[in-house]
Amino acid sequence: MISINRRRFLQGTAALTLMPILTACEKETIKGPRKIHWDRDMCARCKMVISERNHAAQVLNEKTGKSYVFDDIGCVILWFKEENIEWKDSAKIWITDVKTSEWIDARTAYYDTVHKTPMAYGFSANASKESITDKNSEIIDFNEMSKRVLERGR
C-alpha cells in the first residue's frame, strides 16, 4: 500500500507533468493586431517586405486565429477578391494610422487620397476626419476606398 505522502507526491508530479500539455492545447484568443516584424514580414499578396509603418495592414480570421499582414490596404482588398476569401465580411482588419503609425480599425478609419503608399493605391488611413488636414485630399470611408481599389484592379 502506498503511503499518503507518497501518493500526494505522485499526484503532484503527475499534475505538474500534464499541466504544460493541457495548457498547450488551449486556443489563444487574439483580440488585437499582432506584432509586425518590420523589414522581415512579407505582404500576403504581393510578397513585398513590410517596412512602412504608416501604411501597413493586417487581417485576422477569427475562426482559425490566423492573421495575414500586408504592406498596403489595396493589397488587402485585392487579396480578398483574388483568393475568394469567404470570411472577408467577418474578418478583423487593422491598418496603421498614417500620422501616428498606431493600429486602428480599418473599417471605421477615414481615408485620404494624397499620400504615396507602398503599392501606389494612394489611400492612407486616419483615425479621425479632423486629422486629415490636406485641403487637396478627399475624405472617403472603407467602402468607397474598397470600391476604388477594385475598379483599378492590378
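Label positions at Glu130 and Trp38, each projected 7 Å from the Cα along the C-beta direction, are separated by 2.7 nm. A crude spin-label estimate for the pair Cys46 and Thr108, with each label 7 Å from Cα along the Cβ direction, gives 2.9 nm. Each residue in Thr96, Thr133 was given a count of other beta-carbon atoms within 10 angstrom of its own, and listing them fewest first yields Thr133, Thr96. Once you have the Cα-Cα distance between Ile140 and Thr64, take 0.36 nm times their residue separation minus that, and quote the gain in nm to one decimal. Answer, rounded to one decimal: 24.3 nm.
Once the chain from Glu151 to Glu83 is taken as fully extended at 0.36 nm per residue, the excess over their C-alpha distance is 22.8 nm.
Every read-out reported here was derived from the displayed coordinates using simple, explicitly stated rules and does not represent laboratory data. These numbers were taken from a predicted model, which means no experiment stands behind them. In this analysis, Cβ positions are derived from the backbone assuming ideal geometry, glycine residues included, and neighbour counts consider all displayed protein chains.
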